[in-house]
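Step one of this worksheet: look at the structure below.
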Amino acid sequence: QVQLVESGGGLVQAGGSLRLSCAPSGRTFSSSAMGWFRQPPGKERAFVAAISGGGSTTYHAESVRGRFAISRDIAKNTLYLQMNSLKPEDTAVYYCAARGGRSISTRPEYDYWGQGTQVTVSS
């Protein structure tokens, strides 16, 4: 059974940093594109960042560009999201996702999803 398990969420003050991790189990995703999405309270799930299979290409949503950075450690089969200069509007449940292809997608057309980790940014 394939699972994606996120960790690293929590409560942080505005201007602080967090690093989210996503550790798949059941298979490796080294050649698969992976991404992060988030869902604020009462809103739809939205794209945050994605990385191609192998990690050569990344793309970040405009709202987080310059503050967040997606990366992956192929050897550890782990995906990361480094979040700096956090703002209250970054408060959301953050989900990691993986898809069968190597190319990035900003739409939620991913095959596997984690359960999510809560990030709360206080003002």
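The values are calculated or read from the model by the stated rules, or taken from the named source; none is laboratory data. Every value quoted in this text rests on a predicted model; they were computed, and no experiment measured them. Heads up, the Cβs are rebuilt from the backbone with ideal geometry, glycines too, and the neighbour counts pull from every protein chain shown. Heavy atoms of the whole protein, side chains included, go into the accessibility calculation; ligands, DNA and RNA do not. Shrake-Rupley method; radii C 1.70, N 1.55, O 1.52, S 1.80 Å.
Can you pull out the strands (runs of 3 or more DSSP E) entirely within the range 1-97 that have at least 1 residues that are among the hydrophobic types (A, V, I, L, M, F, W, C) and buried (at least 21 other Cβ atoms within 10 Å of the Cβ)? Please lay out each step first, then the result.
On the way: elements: 3-7, 10-13, 18-25, 34-39, 46-51, 58-60, 68-73, 78-83.
Those strands (runs of 3 or more DSSP E) span 3-7, 18-25, 34-39, 46-51, 68-73, 78-83.
So which residues in the range 48-74 are at pLDDT below 95, touching a Gly at 6+ places or on another chain (Cβ under 8 Å) and of a type in the set (Gly, Ala, Ser)?
53
Is it true that residue 102 is open to solvent by 30 Å² or more (accessible area, probe 1.4 Å), within 29 Å of residue 1 (Cα to Cα), in contact with a strand residue (DSSP E or B) (Cβ under 9 Å, 6 or more places away or on another chain) and of a type outside the set (Gly, Ala, Ser)? Before you say what the answer is, go through the steps one by one.
Numbers: open to solvent by 30 Å² or more (accessible area, probe 1.4 Å): yes; within 29 Å of residue 1 (Cα to Cα): yes; in contact with a strand residue (DSSP E or B) (Cβ under 9 Å, 6 or more places away or on another chain): no; of a type outside the set (Gly, Ala, Ser): yes.
Judged against the criteria, residue 102 is not a match.
Taking the range 105-123 as the region of interest, how many residues are in a loop (DSSP other than H, G, I, E, B) and buried (at least 19 other Cβ atoms within 10 Å of the Cβ)? If you could, list the steps in order and put the result at the bottom.
The first filter runs over the range 105-123 and keeps only residues in a loop (DSSP other than H, G, I, E, B), leaving 105-111, 114-116, 123.
Adding the requirement that they be buried (at least 19 other Cβ atoms within 10 Å of the Cβ) leaves 110, 114.
Of the residues in the range 105-123, 2 are in a loop (DSSP other than H, G, I, E, B) and buried (at least 19 other Cβ atoms within 10 Å of the Cβ).
Considering each residue of the range 52-92, count those that are free of Cβ contacts under 8 Å to residues at least 60 places away in the same chain and either closer than 17 Å to residue 117 by Cα or of a type in the set (Gly, Ala, Ser) (or both), and give that number. Even if it seems obvious, please write down each step before you answer.
In the first step, residues of the range 52-92 are kept if they are free of Cβ contacts under 8 Å to residues at least 60 places away in the same chain; the result is 52-79, 89-92.
When the remaining residues are screened for being either closer than 17 Å to residue 117 by Cα or of a type in the set (Gly, Ala, Ser) (or both), the result is 52-56, 61, 63, 66, 68-71, 75, 78-79, 89-92.
Final tally of qualifying residues: 19.
What pairs come out if I take residues in the range 20-42 that are among the β-branched types (Val, Ile, Thr) and pair them with residues that are open to solvent by 10 Å² or more (accessible area, probe 1.4 Å) whose C-beta lies under 8 Å away, six or more apart or interchain?
28/77
Consider residue 80 against the criteria (1) under 15 Å from residue 21 (Cβ atoms); (2) more than 14 Å from the chain's Cα centre (by Cα): it satisfies all of them except one. Which criterion is unmet?
Going through the list (1) under 15 Å from residue 21 (Cβ atoms); (2) more than 14 Å from the chain's Cα centre (by Cα), residue 80 breaks only (2).
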